[in-house]
Amino acid sequence: MVETIFVGGRVFTGTADAPVDAAVAVGGGRILLVGDQEAVRASAGEHTEVVDLAGGLLMAGFQDAHVHPAFGGGQMLRCDLSAEHSVEGYLAVIAAYAEAHPGKAWIHGGGWSMDVFPGGTPTRQMLDKVVPDRPALLTNRDGHGAWANSLALRLAGLDRDTPDPVDGRIEREPDGTPQGTLHEGAMTLVSEHVPVADAEEAYAGLLAGQAHLFSMGVTAWQDAMIGAFPGNPDNYEVYLRAAAEGTLRARVVGALWWDRERGLEQIPELVERRRTGQVGRFNATSVKIMQDGVAENFTAAMLEPYLDGCGCATANSGISFVDPGLLREAVRELDALGFQIHFHALGDRAVREALDALAGARAANGANDNRHHLAHLQVVDPADIARFAQVGAAANLQPLWAAHEPQMDELTIPFLGSERAARQYPFGDLLRAGARLVAGSDWSVSSPNPLWGVHVAVNRTVPEGEPGEPFLPEQALTLAQALTAYTAGSAWINHLEDVTGTVEAGKDADLVVLDRDPFAGPAEEIGATRVVRTYVEGRLVHQA
């Protein structure tokens, strides 16, 4: 039975480079017909809902290949700074949250942006002014740093004699006293003291994250960090509950966290978690290996050292969180066991280490259909571009970052130098070299709005405000290429291409209605496109 028809607009099927003049009929959770308006209208029955696209575009639901919904939703329910972008704005939100939650033992949340603060490092004294009486810890938007007040540092026992952990750094005042900003593994020194959200809070966070993604047209995703972390609950259990209870309505692949403080002995635990972690619409079949950090705090693993403020080479070339020798062994064994491997590889050395490990696995195990992928890819050495296709690795893009904005222009380019800065986010080169492109947002690190990511991928400028000069425009994608990465590409990485990712008869009706056809307007207006409706298996899950 035809339950819904979509008429009055165009359809981007994902099987061609441009939309088609067509209408779509849906019933029983599936796409029944993609045809001309007259044929689709004729298929409707007495009780069929008619959705007028009003000149907008119907397309497959977006699929986010690298996102953190349980964390992002939890942050929305805590002290959420993501809507502000100034010191004054952050402090006002923190003060209001503290006043509204007098019973909270800790002020915990996040979403601040490094470019707001000199050197990207907020101080404990700033936070002390609004929260002097309780410990406070707020992660930055990329999750690679945290801002602590004096009481939090004191309760955690951090002082001038506390050494930096091997996988992180404590920012310090001239006498060595912790300054208030903690990078990478140094965050754990404080976050392990933060009370973990209880089961109900964690569950509410996941559902809030799902609702937010639905509002952005995202109907499936890969959660890039499944596990328990200091200050955060084990989202594995949260997903299992939501999947068992039927409240998880999106399809989700979970990437099980590789503990970088351990070795191969954790692999049997990952195998067991995979066995018990396939419930309903959740499948924990991937393993996340975070190989390096981020360029802004100089922890992204680079082939050559970072520069200092004067343009001279430093002694720091970032951190490889997993020893390359161990990485090769782990990847070979995980690949042989049928796991997909999802790498965080941001610097050019981390990218090379991941590709080397995949090449070794392929030599040992042969080619397979595990569909490994490298996420972020901020700096890629030209010699490694062609290797993605050679080793069968997909390029998992976070397009929103590939633009001139303060974090890029003030905290990244000066410390990379002009030659390396010109190798950032090489989407076009990867595509031309035969790499399969998939796309994601890394929310809550940045906005989960796929249309903003698509806008940047096409224009290489920010989606809001003055666009400015395009960032390495030779690496731009076409609109069709960017949309395909965010739909069919990400469906493929999650082994869902047979049921979702394109608008074709027989596939599940995971669909999104846009308020306009971005193909029909100027590329500079792609980011202004809005989601009107989102459907999962033909069921309306969001309406603007």
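Observations on the structure shown:
- Under 25 Å from the Cα of LYS129 - lysines, other chains or at least 8 residues apart: LYS104
- Antiparallel DSSP beta bridges within the chain, as percent of all bridges there, nearest 5: 45
- The long axis of helix 199-215 is offset from the longest Cα principal axis of the chain by roughly 50 degrees.
- The stretch 175-248 - percent relative contact order, Cα under 8 Å, separation 6 or more: 38
- Read-out Cα extents along the principal axes in Å, derived from the coordinates shown; its label in (1) 136, 49, 45; (2) 78, 56, 50; (3) 64, 56, 45: (2)
- Between the amide H of ILE341 and those of VAL287, HIS372, HIS373, distances stay under 5 Å, these residues lying 5 or more places away or on another chain, with hydrogens modeled in the peptide plane.
- For the stretch 467-520, Kirkwood radius (reciprocal of mean inverse C-alpha pair distance, Å): 13.2
- Relative to the dominant Cα principal axis of the chain, helix 348-365 is inclined by about 60°.
- Surrounding net charge for LEU496, when Lys and Arg each add one and Asp and Glu each subtract one, Cβ distance under 15 Å: -2
- Counting only aspartates and glutamates at least 8 places from LYS507 when in the same chain, those with an alpha carbon closer than 20 Å to its own are GLU3, ASP17, ASP21, ASP36, GLU49, ASP64, GLU497, ASP498, GLU537.
- Residues ASP175 and ARG275, FRET efficiency given R0 of 56 Å [Cβ-Cβ distance, rounded to 0.05]: 0.60
- Relative contact order for the chain, counting Cα pairs under 8 Å that sit 6 or more residues apart, in percent: 18
- What the phi angles of the stretch 45-50 give under the Karplus curve with 6.51, -1.76 and 1.60, with θ = phi - 60°, is a coupling list of x, 4, 9, 6, 7, 9 Hz, glycine and proline written as x.
- Between the Cα long axis of helix 235-245 and the first principal axis of the chain there is an angle of about 30°, rounded to the nearest 10.
- With θ taken as phi - 60° and the Karplus curve 6.51 cos²θ - 1.76 cosθ + 1.60 applied, the whole-hertz 3J(HN,Hα) list for the stretch 250-263 is 7, 8, 9, 9, x, 9, 5, 5, 8, 6, 6, 8, 10, x Hz, x standing for glycine and proline.
- Cα centroid of the stretch 465-529 to Cα centroid of the stretch 366-403, whole Å: 19
- Over all other residues within a Cβ to Cβ distance under 13 Å of VAL26, the charged ones net out to -2, with Lys and Arg as +1 and Asp and Glu as -1.
Taken together, the values in this text are just the output of simple stated rules run on the coordinates, not laboratory data. As the structure is a computational prediction, the values presented were derived from the model and not from experiment. Note that each Cβ is placed from the backbone with ideal geometry, even for glycine, and that neighbours are counted across all protein chains shown.
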